[in-house]
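Colleague: Below: one structure in structure tokens.
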Amino acid sequence: MDRLTHFMQHHHGHCDEAFATAEADAHRGDWSACAASLARFRADLLGHLAVEEERIFPAFEASTGNTAGPTRVMRAEHEEMRELLGWLDEALAGRNAIAFADAAETLLILLQQHNMKEENILYPMCDRILGGDEVAFNQLMGEVEQALMEVAHG
């Protein structure tokens, strides 16, 4: 069973596409388009992080009794991502393509490393551990899917 892994991996791709659009808009100097695409990326990313922090991580921690392991690392990286979003906002406000590109590159590297850890380690662990209780896992997946659909249509 790799339902959570596949679903969240797909959403990572969705976030990556939104981020690439914002980067391309900034690179072209289309700051109006960049503002819109960055807002879309922000909503997608923050919604994704919220689903993990409010639903997936607590379920994993409750099931394993471990709050000092992989979820702690992921939460710390989420805070770094939020900080980098602020850097992107500052660059956008100043219409500074170089600062935007620098912040975007840093965020991209963090996202790639973070997503790899989630997709290859944490999500498969969640599928294996949480999937043992089919009713609870189906409820969790329903909540995760609904929350991310609301972000996508919000």
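The values are calculated or read from the model by the stated rules, or taken from the named source; none is laboratory data. Computed from a predicted structure; not experimentally measured. Virtual Cβ from ideal backbone geometry, glycine too; neighbours counted across all protein chains shown. Heavy atoms of the whole protein, side chains included, go into the accessibility calculation; ligands, DNA and RNA do not. Shrake-Rupley method; radii C 1.70, N 1.55, O 1.52, S 1.80 Å.
Colleague: Every residue in the stretch 137-154 that is open to solvent by 40 Å² or more (accessible area, probe 1.4 Å) and in a helix (DSSP H, G or I), please. Lay out the reasoning, then the answer.
Modeller: Keep residues of the stretch 137-154 that are open to solvent by 40 Å² or more (accessible area, probe 1.4 Å), which gives 138-139, 143, 145-146, 149-150, 152-154.
Correct list: Asn138, Gln139, Glu143, Glu145, Gln146, Met149, Glu150, Ala152, His153.
Colleague: Is it true that Gly86 is in a loop (DSSP other than H, G, I, E, B) and either at negative phi or open to solvent by less than 50 Å² (accessible area, probe 1.4 Å) (or both)? Give the steps one after another, and end with the answer.
Modeller: Values: in a loop (DSSP other than H, G, I, E, B): no; either at negative phi or open to solvent by less than 50 Å² (accessible area, probe 1.4 Å) (or both): yes.
No; evaluated as a whole, the condition is false for this residue.
Colleague: Now for a different question. Name every residue in the stretch 1-24 that is farther than 15 Å from Gly47 by Cβ and either open to solvent by 10 Å² or more (accessible area, probe 1.4 Å) or among the polar types (S, T, N, Q) (or both), in order of residue number.
Modeller: Just the residues of the stretch 1-24 that are farther than 15 Å from Gly47 by Cβ, to begin with: 1-6, 9, 20-24.
Those that are farther than 15 Å from Gly47 by Cβ and either open to solvent by 10 Å² or more (accessible area, probe 1.4 Å) or among the polar types (S, T, N, Q) (or both): Met1, Asp2, Arg3, Thr5, His6, Gln9, Ala20, Thr21, Glu23, Ala24.
Colleague: To continue, here is another question. Would you kindly identify the helices (runs of 4 or more DSSP H) lying entirely within the stretch 1-73 that contain at least 3 residues that are free of Cβ contacts under 8 Å to residues at least 40 places away in the same chain and aliphatic (A, V, I, L, M)? Quick ask: steps written out before the conclusion?
Modeller: Working: elements: 3-28, 31-51, 57-64.
It comes to 3-28, 31-51.
Colleague: If I filter the stretch 115-126 for residues that are aromatic (Phe, Trp, Tyr) and either modelled with pLDDT under 95 or closer than 30 Å to Ser32 by Cα (or both), do I get at least one hit? Full working, then the answer.
Modeller: In the first step, residues of the stretch 115-126 are kept if they are aromatic (Phe, Trp, Tyr); the result is 123.
Next cut, either modelled with pLDDT under 95 or closer than 30 Å to Ser32 by Cα (or both) only: none.
No, the conditions are met nowhere in the stretch 115-126.
Colleague: Looking at the stretch 114-136, which of the residues that are without any contact (Cβ under 8 Å) to a residue 12 or more places away in the chain and in a helix (DSSP H, G or I) is surrounded by the fewest Cβ atoms within 10 Å (Cβ to Cβ)?
Modeller: Going through the qualifying residues, I end up with Val135.
Colleague: Right, next: Among the residues of the stretch 39-65 satisfying the criterion of being over 27 Å from Glu90 (Cβ atoms) and open to solvent by less than 60 Å² (accessible area, probe 1.4 Å), which is farthest from the chain's Cα centre (by Cα)?
Modeller: Of the residues in the stretch 39-65, the ones over 27 Å from Glu90 (Cβ atoms) are 54-65.
Now drop any that are not open to solvent by less than 60 Å² (accessible area, probe 1.4 Å), which leaves 56-61, 64.
Values: Ile56: 12, Phe57: 13, Pro58: 16, Ala59: 18, Phe60: 17, Glu61: 19, Thr64: 23 Å.
Here the answer is Thr64.
Colleague: A further question on this structure: Scan the stretch 91-101 for residues that are open to solvent by 30 Å² or more (accessible area, probe 1.4 Å) and either within 12 Å of the chain's Cα centre (by Cα) or in contact (Cβ under 8 Å) with a residue 12 or more places away in the chain (or both) and jot them down. Lay out the reasoning, then the answer.
Modeller: So the first thing to find is which residues in the stretch 91-101 are open to solvent by 30 Å² or more (accessible area, probe 1.4 Å), and the list is 92-99, 101.
Correct list: Leu92, Arg95, Ala97, Ala99, Ala101.
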